[in-house]
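> I have a structure here, written as structure tokens, and I will follow up with some questions on it.
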Amino acid sequence: MSFEGMGISLTLIILVVLWVASPLISKRRGKTAVVRDLSLNAAYERALVAIRDLDEDFSTGKIEAEAYQRERELWLQRGIAALQALDAAGQLGAEEVYESEVDEPEDQEVDPVEQALAAYRRSARSTAH
């Protein structure tokens with residue numbers, strides 16, 4: 001085989017290998033995004049559960065007011081950070097649906113994380129227009 005023939009064969013082999021490997025590479029990138037989004041969702045859920053547990057512990061007298069406020073603020077900030085990261089990743093695009101179609105009962109307390117999220121979305125919409 002000539003030197004030119006070997007070069008063409010080698011180029012074709014490299015192209016075929018790249019063509020075969022491309023779906024595997026793109027699936028790996030997609031899985032990374034899914035794992036990141038699941039991790040952010042888990043962080044948000046963890047913050048909600050922690051805030052609810054703290055509220056319950058405080059209402060039953062298991063935790064002091066100072067520790068309650070400190071821990072609640074910490075988990076509130078973590079929840080807000082997770083929601084902002086999800087929003088930046090494009091996972092929270094249905095805020096109009098949530099705000100217009102979901103009616104919250106007036107006798108239930110509004111979650112501060114949800115209040116912070118609503119304020120963040122309103123500010124994001126006002127700066128986008």
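The values are calculated or read from the model by the stated rules, or taken from the named source; none is laboratory data. Every value quoted in this text rests on a predicted model; they were computed, and no experiment measured them. Positions of Cβ are generated from backbone atoms using ideal geometry, with glycine treated the same way; all protein chains shown enter the neighbour counts.
> Being surrounded by fewer than 11 Cβ atoms within 10 Å (Cβ to Cβ), modelled with pLDDT of 80 or more and of a type outside the set (Lys, Arg): is that true of Leu40 here?
no
> Confirm whether Asp57 is of a type outside the set (A, V, I, L, M, F, W, C) and modelled with pLDDT of 85 or more.
yes
> OK, next. Report yes if some residue within region 117-127 is at pLDDT below 80, buried (at least 16 other Cβ atoms within 10 Å of the Cβ), outside any loop (DSSP other than H, G, I, E, B) and in contact with a Leu (Cβ under 6 Å, 6 or more places away or on another chain); otherwise report no.
Yes, region 117-127 has at least one match.
> If you check Gln84, Gln69, which single one turns out to be without any contact (Cβ under 8 Å) to a residue 60 or more places away in the chain and within 17 Å of the chain's Cα centre (by Cα)?
Testing whether each residue is without any contact (Cβ under 8 Å) to a residue 60 or more places away in the chain and within 17 Å of the chain's Cα centre (by Cα) leaves just Gln84.
> Could you please give the count of residues in region 60-93 that are buried (at least 16 other Cβ atoms within 10 Å of the Cβ) and of a type in the set (Ser, Thr, Tyr)?
Residues in region 60-93 being buried (at least 16 other Cβ atoms within 10 Å of the Cβ) and of a type in the set (Ser, Thr, Tyr): 1 in total.
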